[in-house]
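Here the structure comes first, spelled out in structure tokens, and everything after it is commentary.
The values are calculated or read from the model by the stated rules, or taken from the named source; none is laboratory data. All values derive from a computational prediction rather than experimental measurement. All Cβ positions, even for glycine, are placed from backbone atoms using ideal geometry, and neighbour counts span all protein chains on display. All accessible areas refer to the heavy atoms of the entire protein, side chains included, with ligands and DNA or RNA removed. Shrake-Rupley method; radii C 1.70, N 1.55, O 1.52, S 1.80 Å.
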Amino acid sequence: MQMEVEQKLRIAVAAAVQLPNVSDMEFEASLTELRELAKTLGFKVIHTFVQKRTSFDTTGYLGVGKRQEIRAFVHGEPIFDEAGDEVLSLAESNLPEIDAILVDHEISPSQARNLEIEAGCEVMDRTMVILEIFHRNARSRAAKAQVEIARLGYMAPRLREAAKLAGPQGRQRSGVGGRGAGESHTELDKRKIRDRIAELQLEILAMEAERKTQRARRQERQSQAAVALVGYTNAGKSTLMRALTGSEVLVANKLFATLDTTVRALYPESVPRVLVSDTVGFIKNLPHGLVASFKSTLDEALDASLLLHVIDASDPGFERQLEVTDKVLEEIGADVVPRLRIFNKIDHVGDAEAQAECEASLRAKYPDCVVMSARRPEEVAALRLKIIAFFQRDHVEAELFLPWSAQQLRKEIFASCEVLEERADADGAFFKVRGESAVVDGLREQFAQM
């Protein structure tokens with residue numbers, strides 16, 4: 001049974017700059033995503049500060065006026081709209097003090113430091129928020145190592161700014177016990193980070209070799225039929241995985257609830273036996289370090305014969321999410337793998353009429369798509385049949401004869417073929433089967449020698 005640890009709710013404000021080339025819809029979708037990321041991390045975002053600029057302020061990301069506005073709010077002063085009416089006051093809302101400012105972009109170390117000093121509050125940019133979520137949710141050795149590399153890579157260029165905040169007393173270290181006379185804390189820490197990253201990379205290479213060996217053994221033992229669930233984070237992949245395989249995988253209404261690839265067999269089992277894998281969700285502007293680090297979790301997509309691209313039909317911004325997934329799949333070379341688009345969560349769209357209208361619109365735009373809810377057993381069953389049909393598309397029907405003296409081989413027929421019909425006479429049993437041509441021919445040759 002999955003238990004979630006209660007986290008103390010932390011209070012945050014969000015801040016974002018809208019550049020001229022970013023549409024209002026895209027800007028709001030990104031901010032909504034940041035709020036969801038914040039929620040996953042245990043923050044409650046009580047207000048969002050936005051500013052339209054031709055470029056980011058090189059000193060502190062936001063303009064001077066907006067930074068002063070944030071500082072005033074962090075220190076308990078009320079916010080007023082353009083008409084002069086009070087919008088929000090920490091004191092009147094009985095809210096505790098602000099714990100962090102969440103910035104909807106990756107900003108430079110100096111921008112973060114200056115904004116932090118001016119606002120008097122911790123600053124976390126979008127990359128730092130995502131890295132912290134990944135750090136908390138990683139479970140396997142490989143995922144933990146990959147996340148640590150990404151976090152160390154993110155922290156290294158920020159050490160100099162941290163040293164500036166620490167003051168002159170923390171910047172210099174004597175030669176006694178250090179590598180060289182006068183070597184700074186920053187240089188020592190950077191050297192430690194480089195050494196640790198190198199160590200982790202060696203560990204990942206060893207784990208990657210081990211994983212490839214395990215995968216090769218699995219493919220030798222079983223059919224090559226493999227399906228990978230891919231798509232945006234929180235599109236319902238884990239719910240669909242559980243419905244298709246009958247497994248107890250974690251299902252949570254949070255971004256990046258699943259980080260480690262999970263592999264289960266389609267249930268009830270089919271012929272051929274189909275393995276289903278769930279992969280880490282995609283997100284717009286995923287930190288480059290994590291795209292590289294988590295490429296190994298997406299290798300399941302490269303190994304798959306069929307991709308199930310899961311899309312949240314109830315999300316107004318699903319087209320943008322669809323583009324993000326397509327782009328990442330192209331980057332890892334998985335765009336050549338056959339793909340089935342699955343518009344999930346249709347039950348979240350509205351009433352029956354709204355659902356029917358949405359489904360008709362989706363089918364008109366994406367003719368071969370599947371529109372469903374992973375919580376409706378009959379629709380999951382229909383998808384299961386569609387998956388099996390994909391792997392049986394080249395199967396042939398044939399009749400096999402098995403003499404009574406070799407009935408111990410019956411299990412091989414049922415393990416490798418779908419038995420459509422069975423009859424018997426005095427000499428043995430006849431099986432009408434459907435299976436791969438090579439498999440059927442191999443069984444026929446084996447039985448002929450009995």
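Some points to look at:
- Cα centre as origin, Lys/Arg/Asp/Glu Cβ charges: the range 318-385 dipole, Debye: 180
- Shape annotation for the range 397-450: C-alpha extents along the principal axes are 28, 22, 16 Å, from largest to smallest.
- Taking 0.890 mPa s as the viscosity and 25 °C as the temperature, the Stokes-Einstein diffusion coefficient of the range 308-355 based on its alpha-carbon Kirkwood radius rounds to 208 µm²/s.
- The peptide list 360-369, 313-322, put in order of mean Cβ contacts within 10 Å with the highest first, becomes 313-322, 360-369.
- Among D427, D347, the sequence by solvent-accessible area, most first, with a 1.4 Å probe is D427, D347.
- Karplus-based coupling profile of the range 45-62, in residue order and whole Hz: 8, 9, 7, 10, 9, 10, 8, 9, 9, 6, 7, 6, 5, 5, 7, x, 6, 8, with θ = phi - 60° in 6.51 cos²θ - 1.76 cosθ + 1.60 and x standing for Gly or Pro.
- Cα Rg over Rh - the range 371-428, Kirkwood: 1.17
- Per-residue Karplus couplings for the range 234-246, computed as 6.51 cos²θ - 1.76 cosθ + 1.60 with θ equal to phi - 60°, are listed in order as 6, 7, x, 5, 5, 5, 5, 4, 5, 5, 6, 10, x Hz, Gly and Pro entered as x.
- Under 5 Å from the amide H of Q18 lie the amide H atoms of Q51, K52, R53, each residue being 5 or more positions distant or on a separate chain, with H modelled from the backbone and absent for Pro and chain starts.
- Restricting the calculation to Cα atoms, the range 330-440 yields a radius of gyration followed by a Dmax of 21.0, 62 Å.
- Sequence-distant residues sharing a close amide H with Y232 (under 5 Å, placed H): F282
- Check: the range 304-450 dipole with +1 on Lys, Arg Cβ and -1 on Asp, Glu Cβ, in debye: 220
- D125 long-range amide H proximity, modeled H, under 5 Å: V103
- Residue by residue, the range 417-422 carries 3J(HN,Hα) couplings of 9, 8, 8, 8, 7, 9 Hz when phi is fed to the Karplus relation 6.51 cos²θ - 1.76 cosθ + 1.60 (θ = phi - 60°); x denotes Gly or Pro.
- Cross-link pairs K44/K237; K345/K386; K345/K365; K8/K44; K237/K386; K8/K190 - those with Cα-Cα distance over 22 Å: K44/K237; K8/K190
- Between the alpha-carbon centres of the range 24-41 and the range 362-377 there is a gap of 26 Å.
- For the pair D303 and R434, a Förster radius of 25 Å applied to the C-beta separation gives a FRET efficiency near 0.50, rounded to the nearest 0.05.
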